[in-house]
Amino acid sequence: MAFAERLPIIETLKTYRLAWLGRDLSAGFAIAAVGLPSAIAYPAIAGLPPETGLYASICAAIAYAIFGPSDRLITGPEASTMIMLAAVFANLGSGQSEDRVAAAGAIALLVGGFCILARILRLDFVASFLSRPILTGFMTGISLSILVGQLERFTAVKIDSDGLFEPFVELAGKIHDVHMPTLLFATGMLVLLFVMKRLRSPIPGAVVVVILSVALSLAFNLQSLGIHVVGAVPNALPHFRMPWVSSIPLNRLVIDALAVWIVSFSAGIITARAFGIQGGYRVDANKELTGFAAVNISAGLFGGFPITSSDSRTAVNLAVGARTRLAGLASAVVLVIILLYLNDLLRALPVPALGAILIAAALSLMDFSGFATLWRISRIEFLFALIGLVGPLYFGVVTGILIAIATSLAYVLYCSMVPRMVLLGRVPGFPGFHKLHRVAGSKPTPGLTVCLHQGSLLFYNADHARKEFEAIAENATEPIEWLILDAGSIPLMDTTAVAALVEIKNLLALQGIRFGIAEPHNRCLELLVSSGAADMIGRGMIFDDLETMFQTYQSRQ
């Protein structure tokens with residue numbers, strides 16, 4: 001009972017006002033209308049039947065409304081997660097539709113489990129592994145993959161090739177097999193989507209395409225012209241079923257589910273934070289893990305697939321002005337009504353219309369202006385975005401994203417392996433020490449050299465720091481009496497670094513130079529003392545601040 005009272009939905013109901021109901025219901029209808037096309041179209045990316053998207057959307061809306069921390073965020077099928085799922089299926093070799101549905105549910109359960117584990121261990125920082133440059137490249141790369149994947153829906157030509165260019169080459173060889181009615185219909189729907197976007201229509205273009213294409217399909221019997229339609233959609237609510245995939249080793253399933261979780265959680269948190277800024281509310285990534293766990297577990301148990309936050313549905317929710325999380329519940333009710341009572345209309349939906357919707361969605365995900373901005377601001381981050389783009393296309397989505405993450409982490413490690421060491425001096429008439437290369441008028445004190453180490457001092461950069469000190473001593477143009485390490489920018493130190501500092505002290509002593517440390521952090525100072533390095537360096541050469549060190553140096557002169 002105490003647990004139930006702490007559920008977010010209970011807190012909402014306790015303070016709910018009847019005057020808010022109209023806004024919430026209106027938002028629910030709008031969310032369902034906008035979400036319906038993607039709920040039907042996105043499963044096709046991973047080779048799943050359309051009802052799985054409806055089941056996932058219904059379960060996700062209900063679960064997030066009950067357990068999710070945000071009153072505004074809406075969850076649902078999302079392109080990058082579906083592309084990851086498609087890549088996982090390609091690796092696992094789950095070819096039959098039943099196998100894919102079971103595998104999708106199992107992966108959704110595992111993703112939900114990873115969310116719970118990450119919440120317990122407070123691993124929400126994992127979302128930071130996919131930096132904005134990597135996501136910029138990754139989203140553009142998967143958009144290109146979605147575009148290529150629609151060739152078959154646009155032309156009705158069976159495409160067996162993979163990659164970015166090979167499918168086009170194969171299509172060129174089968175150009176005479178292109179079904180012209182399918183191509184013309186798909187092109188017309190795509191043009192309509194562009195026109196609706198250009199005119200800034202208050203009604204989403206995807207909704208217009210779904211309604212119009214269903215009407216045309218029923219009026220002119222498009223199926224008799226050879227245009228494929230969605231076909232049979234189960235006229236039933238999602239029911240509980242434990243997904244069981246005996247043909248796939250559990251260790252492979254877990255590893256691939258981990259990759260899906262990293263991408264879906266990262267994309268979901270970025271979407272949540274973006275709308276949090278727009279809506280004026282704070283997003284706690286660790287709390288969002290609870291909501292994401294609920295939606296994925298519910299989707300996995302009721303015939304769905306991995307779910308994360310939906311940008312289009314959340315945008316509509318904010319635009320309509322929903323007051324509470326009941327808008328998400330209302331959208332689920334609307335989708336249930338459509339599934340039960342408008343099922344025949346869904347069956348008549350032409351497949352080329354889904355291809356047009358997916359192409360329009362893919363084009364909207366491409367961020368070439370983001371590439372241009374990165375090129376102007378940071379060439380190294382532009383390179384990361386390029387890796388995020390090329391990796392998924394040529395090495396597969398899972399491998400590509402792991403390459404992008406590994407590359408960025410390797411760069412961070414390299415930067416921390418060679419931290420900058422700058423020399424400090426004083427400005428006549430002013431207190432304190434200043435960077436010689438930045439502050440005009442700053443000069444080194446005769447006989448005193450002060451070095452600022454910018455970054456942690458650990459096992460992998462301790463040798464670099466030793467070489468830096470040796471170089472400073474060897475290249476000095478004036479005699480050095482004291483060489484002081486300003487440790488104020490060293491947040492972390494380990495025993496290897498402490499041993500290196502003692503070695504530096506001994507090497508400098510051979511040259512008649514006294515070595516000292518100023519402004520060490522408490523943790524670093526405790527390590528120096530407990531290891532005995534403080535006594536080896538000399539307690540009198542370890543100073544609380546630079547001014548004390550400077551006064552001591554002057555008094556001894």
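Considering Cα pairs under 8 angstrom that are at least six residues apart, work out the relative contact order of the chain and quote it in whole percent.
Values: 941 pairs, mean separation 125.5, N = 557.
Averaging sequence separation for qualifying contacts and normalising by length gives 23 percent for the chain.
Using a cut-off of 20 Å between alpha-carbon atoms, which aspartates and glutamates can reach Lys174, once sequence neighbours fewer than 8 places away in the same chain are excluded?
Glu152, Asp160, Asp162, Glu166
Place a label point 7 angstrom from the Cα of Thr477 along the Cα-to-Cβ direction, then list the residues of the range 407-444 whose backbone nitrogen is under 16 Å away.
423-426, 436-438, 441-444
Do any trypsin sites (Lys or Arg not before Pro) in the range 268-307 lie in a loop, going by DSSP, with at most 16 other beta-carbon atoms within 10 Å of their beta carbon, and if so which? Walk me through the numbers before you get to the answer.
Details: sites: Arg273, Arg282, Lys287; in loops: Arg282.
Here the trypsin sites (Lys or Arg not before Pro) that fit, given the DSSP loop and packing criteria, are Arg282.
Among all the aspartates and glutamates, which ones have a C-alpha under 12 Å from Lys158's C-alpha, if same-chain residues fewer than 8 places away are not counted?
The reachable aspartates and glutamates, counting only those whose Cα sits under 12 Å from Lys158, are Glu170, Asp177.
Kindly state, to the nearest 0.05, the FRET efficiency for Leu13 paired with Tyr341, given R0 = 30 Å and r defined as their beta-carbon distance.
On the way: r = 28 Å, r/R0 = 0.92.
Computed FRET efficiency for Leu13 and Tyr341: 0.60.
What dipole magnitude, in Debye to the nearest 20, does the range 124-185 give about its Cα centre under +1 on Lys/Arg Cβ and -1 on Asp/Glu Cβ?
Details: 4 positive and 7 negative charges, 39 e Å.
The calculation lands at about 180 debye.
Residue by residue through the range 315-325, what is 3J(HN,Hα) from phi via Karplus (6.51 cos²θ - 1.76 cosθ + 1.60, θ = phi - 60°)? Round to whole Hz and write x for glycine and proline.
Working through the residues one at a time gives 4, 5, 4, 6, 5, 6, x, 4, 9, 9, 6 Hz.
Bin all alpha-carbon pair distances of the chain at 20 Å intervals from 0 and give each bin's fraction as a whole percent.
19, 41, 24, 15, 2, 0
What does the extension gain come out to for Leu164 and Asn522, with contour length at 0.36 nm per residue minus their alpha carbon separation? Please list the in-between numbers first.
Details: separation 358, 0.36 × 358 = 128.88 nm, distance 5.48 nm.
Length difference between fully extended and current span is 123.4 nm.
Whole-Hz ³J(HN,Hα) for each residue in the range 65-76, computed from phi via Karplus 6.51 cos²θ - 1.76 cosθ + 1.60 with θ = phi - 60°, x for glycine and proline: what do you get?
Result, rounded to whole Hz: 4, 7, 10, x, x, 9, 7, 10, 5, 10, 9, x.
Please report the net charge: other residues with Cβ closer than 13 Å to the Cβ of Val260, K and R +1, D and E -1. Let's see the in-between values first.
Working: positive: Arg252; negative: Glu78, Asp256.
Residues near Val260 contribute -1 overall.
Counting only other residues whose beta carbon sits under 15 Å from that of Leu339, what net charge do I get with K and R as +1, D and E as -1?
Values: positive: Arg347; negative: Glu51, Asp344.
Computed value for this residue: -1.
List the lysines whose alpha-carbon lies under 22 Å from that of Lys443, not counting same-chain residues fewer than 8 positions away?
Lys435
For the chain, what does the helix formula give at 222 nm: sum of -39500 (n - 2.57) over DSSP H segments with n ≥ 4, over the residue count, nearest 500 deg cm²/dmol? Let's see the in-between values first.
On the way: 25 runs with 349 residues, N = 557.
Only helices count here, giving -20000 deg cm²/dmol.
Excluding Val157 itself, calculate the net charge of residues whose Cβ lies under 12 Å from the Cβ of Val157, where each Lys or Arg counts +1 and each Asp or Glu counts -1. Mind dumping the intermediate values first?
Working: positive: Arg153, Lys158, Lys174; negative: Glu152, Asp160, Glu170, Asp177.
Spelling it out: positives minus negatives among the neighbours equals -1.
Would you mind finding the longest exposed-site-free stretch of the chain, with exposed chymotrypsin sites (Phe, Trp or Tyr not before Pro) meaning DSSP loop and at most 10 other Cβ atoms within 10 Å? Show your work: numbers first, answer last.
Working: sites that count: Phe165, Phe240, Trp244.
Looking at the chain, 245-557 is the longest stretch - no exposed chymotrypsin sites (Phe, Trp or Tyr not before Pro) with at most 10 other Cβ atoms within 10 Å.
Amide H of Val229 versus every other amide H placed in the peptide plane: which residues, excluding those fewer than 5 positions away on the same chain, fall under 5 Å?
Here the answer is Val351, since their amide H atoms fall under 5 Å of that of Val229.
Could you work out the equivalent-ellipsoid semi-axes for the range 421-556, taking the square root of 5 times each eigenvalue of the Cα gyration tensor, largest first, in whole Å? Could the numbers behind the result be given before it?
Working: eigenvalues 100, 49, 45 Å².
Here the semi-axes work out to 22, 16, 15 Å.
Can you tell me the relative contact order of the range 421-556? Whole percent, Cα pairs under 8 Å, sequence separation 6 or more. Write down the numbers at each step before the final one.
On the way: 218 pairs, mean separation 28.5, N = 136.
21 percent.
Can you tell which of Ile517, Gly47, Ala332 lies farthest toward the positive end of the dipole of the chain, using +1 and -1 charges on the Cβ of basic and acidic side chains (Lys, Arg; Asp, Glu)?
My answer, from the dipole projection, is Ala332.
Throughout, read-outs are computed from the coordinates displayed, never taken from laboratory work. Every value quoted in this text rests on a predicted model; they were computed, and no experiment measured them. All Cβ positions, even for glycine, are placed from backbone atoms using ideal geometry, and neighbour counts span all protein chains on display.
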